[in-house]
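Asker: Got a structure for you, written out below as structure tokens; questions coming shortly.
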Amino acid sequence: QVQLVESGGGLVQAGGSLRLSCTASGSSVSINTMGWYRQAPGKQRELVAQISSDRGVIYADSVKGRFTISRDNAKNTVYLLMNSLKPVDTATYYCQLVNFGYWGQGTQVTVSS
């Protein structure tokens, strides 16, 4: 059984930073494509960043240059480092094991102005 557990969300002022973590069990992050998505109230869930098994990365235009996705195979964990946060980044952030469509429970990020 695959489980994804996100952590690291919270309340931060604009311009601040947070690092989200997604720890997987039941599958290896090193051989799967892993993604971070976010969903703001009243909006559709959107892709934020994605990292493939060969460490190829994709970022949404809105976060390029501010967010960095990375992976620690030994800890079976994927990270999302978020710098220069803006109020528009406020959302629930979800981790996905893209290959099979598994989702984590989400972690809330709130950026105050």
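Asker: Over the chain, with every protein chain in place, what whole percent of the accessible area is carbon and sulfur at 1.4 Å, could you tell me? Show your work: numbers first, answer last.
Answerer: Numbers: 2810 of 5760 Å².
Carbon and sulfur atoms account for 49 percent of the accessible area of the chain.
Asker: Right, something else. The stretch 37-113: percent of C-alpha pairs farther apart than 19 Å? Could the numbers behind the result be given before it?
Answerer: Values: 983 of 2926 pairs.
Considering the stretch 37-113, 34 percent of its Cα-Cα pairs are separated by more than 19 Å.
Asker: When Lys and Arg each count +1 and Asp and Glu each count -1, what net charge do the other residues less than 14 Å away from Asn83, Cβ to Cβ, add up to? Walk me through the intermediate numbers first.
Answerer: Values: positive: Arg19, Lys64, Arg66, Lys86; negative: Asp89.
So the environment of Asn83 carries a net charge of +3.
Asker: Here is a further query. Size of the dipole of the stretch 50-113 about the Cα centre, Lys and Arg at +1 and Asp and Glu at -1 on the beta carbon, nothing else charged, in debye to 20?
Answerer: Values: 6 positive and 4 negative charges, 20 e Å.
Dipole magnitude for the stretch 50-113 comes out near 100 debye.
Asker: Turning to a different aspect of this structure: Given charges of +1 on the Cβ of Lys and Arg and -1 on the Cβ of Asp and Glu, with all other atoms neutral, how large is the dipole of the chain about its Cα centre, in debye to the nearest 20? Intermediate values should be presented prior to the final figure.
Answerer: Numbers: 10 positive and 6 negative charges, 26 e Å.
The calculation lands at about 120 debye.
Asker: Quick check for you: with a 1.4 Å probe and neighbouring chains kept, what is the accessible area per residue of the stretch 1-79, in Å²?
Answerer: Numbers: 4190 Å² over 79 residues.
Normalised by residue count, the accessible surface of the stretch 1-79 is 53 Å².
The values are calculated or read from the model by the stated rules, or taken from the named source; none is laboratory data. Everything numeric here is computed off the predicted structure, so don't read it as measured data. In this analysis, Cβ positions are derived from the backbone assuming ideal geometry, glycine residues included, and neighbour counts consider all displayed protein chains. Heavy atoms of the whole protein, side chains included, go into the accessibility calculation; ligands, DNA and RNA do not. Shrake-Rupley method; radii C 1.70, N 1.55, O 1.52, S 1.80 Å.
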